[in-house]
Amino acid sequence: MVRGNKIQGPVPRPPPSILDYSFSNNSFSGEISATFCNPPYVYALDLSFNNLSGMLPQCLFDKVNNLNILNLEQNFFRGTIPETLTNESKLRMINLGHNALQGTLPRSLTNHTMLEFLNLGDNQISDTFPFWLGALNNLQVLILRSNKFFGVVGSPATGFEFSTLRIIDIANNGFTGILPSKYFQKWNGMRNFDVDHFSYMAQNTTLVKKGVSMEFSFASQQIYNYQLTLVNKGVNMDYKKIPKVLAAIDLSSNKFEGEIPESITTLKNLLFLNLSNNFLSGHIPLGIENLSARIIGFFEQQAFRKYSTGALPAHLIGPIPQGKQFATFENNSYKDNLRLCGKPLSKLCGNAGELPPSPSTGEDDQGSGGFSSYVLWMVVAIGYASGRAVGVVAGQRFTASKHEWFVETFGRRQQNRRRIGRRGQRV
């Protein structure tokens, strides 16, 4: 490993005996050749955050070897993603984000049947929503943000549900139609995980290397932590380690229309939801207050966002979801939404039947352990037909002894702390 330096020039060819080839965060330039596919034991090839260019070698995707991790993020690779002709791939992570890749996605990506993490964000890929990736039964993270994807997301076909997906980011594309409510019903990975056993997403591999004479061998335990960046209100939230309890959806900055479906409120473990900068309208699902333990943020709405043919009204309608958190917002937090009613507004709803139910006073409100027992955190940005977001920050419970990731992720960034301070958030 030669990470985090300022080494320049062409990247050195890996020696045959190498296990982990990590030269990330340097200033290497030039192309990478097919010789990088030759070492028989290498399980991780990480050349991210360099100045490499050229085409991606076909053999990185097609050759049967021990490669588990392929991370070429933040370079200048161009061309298309190579086809995968083998179904014996051992790749669990493919990270090609922040390059200049073009064309469509090869359907042969489904040959990487062990894939858990796929990041193709911030490229120039032009394609429809890759529903066929839903056949990957181990896929937990899918990042397609800031490309040229287009069309409707639609409904999942049998066997293509993304049933293990926990993090999806398709923001800043050209997706249209209504929100994918049928997918929300199938994403069980955002419902079913154990918050009491805290761990991080990582690839833990035991490699056995045989000697030249074949008379001896040794085993090596290799751990590679997955990393992720989520964007909230223009601020990058860097996860140097991804907690397995993190469930996130970012569908912002597309052209989705219609109402927020009730099915999204069934994703009980959702910690990050961003629907901002779309053309959504209608009621706020009352069950959205139950997505997490506590809402501690802000609520902001602007008047409208224009289509090319005119303006779409942005006014929200109906009762405001009730709960201690929504009740903390002042009346002017809901300005320009004259058809909203109920607390904290002075305008009451038309009849008692329109009033939302009172919140539970059970464990989710505070619990017998109080704040000292939990770290609470969630980010929700819900954009209707406005140019800005309707933002809500909410919480999910973690044991206090497992808050290292929170400190590591958010404590480093002064900019984030200033934003949090302005919003009056509490933990």
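What follows draws every value from the coordinates through simple rules; no lab data is involved. Just so you know, these numbers come straight off a predicted model, no measurement behind them. Note that each Cβ is placed from the backbone with ideal geometry, even for glycine, and that neighbours are counted across all protein chains shown.
Could you tell me which of rounded, prolate or oblate describes region 80-142, using a ≥ b ≥ c as the square roots of the eigenvalues of the alpha-carbon gyration tensor, with rounded for a/c under 1.5 and, failing that, prolate when a/b is larger than b/c and oblate otherwise? Please list the in-between numbers first.
On the way: a/c = 1.56, a/b = 1.46, b/c = 1.07.
Because a/c hits 1.5 or more and a/b exceeds b/c, region 80-142 counts as prolate.
If I take R0 = 25 Å and measure r between the Cβ atoms of S29 and T86 in this structure, what FRET efficiency does the formula 1/(1 + (r/R0)^6) give, to the nearest 0.05? Could the numbers behind the result be given before it?
Values: r = 30 Å, r/R0 = 1.21.
So the FRET efficiency works out to roughly 0.25.
Any idea what the dipole of region 1-99 comes to, in debye rounded to 20, about its Cα centre with Lys/Arg Cβ at +1 and Asp/Glu Cβ at -1?
Details: 7 positive and 7 negative charges, 40 e Å.
The calculated dipole for region 1-99 is roughly 200 debye.
Take I178 and E262, extend 7 Å from each Cα along the Cα→Cβ direction, and tell me the distance between the two endpoints in nm.
Distance between label points: 1.3 nm.
Which far-off residues, 5 or more places away or on another chain, put their amide H under 5 Å from the one on S22, with H placed in the peptide plane?
Close amide H contacts, sequence-distant or interchain: V2, D46.
Quote to one decimal, in nm, the extra length available between S163 and Q58 on full extension: 0.36 nm per residue of separation minus the C-alpha distance between them.
34.8 nm
What's the long-distance tail for region 117-201, i.e. % of Cα pairs beyond 16 Å? Don't skip to the answer; put the middle values down first.
On the way: 1928 of 3570 pairs.
Cα-Cα pairs in region 117-201 separated by more than 16 Å: 54 percent.
Distance in nm between label sites at S155 and S126, each 7 Å beyond Cα in the beta-carbon direction?
It is 3.1 nm.
As a quick test, which of the pairs K63/K90; K148/K244; K186/K240; K182/K268 have an alpha carbon distance above 22 angstrom in this structure? Numbers along the way, then the final one.
Values: K63/K90 10 Å; K148/K244 29 Å; K186/K240 28 Å; K182/K268 16 Å.
Cα-Cα > 22 Å for K148/K244; K186/K240; rest within.
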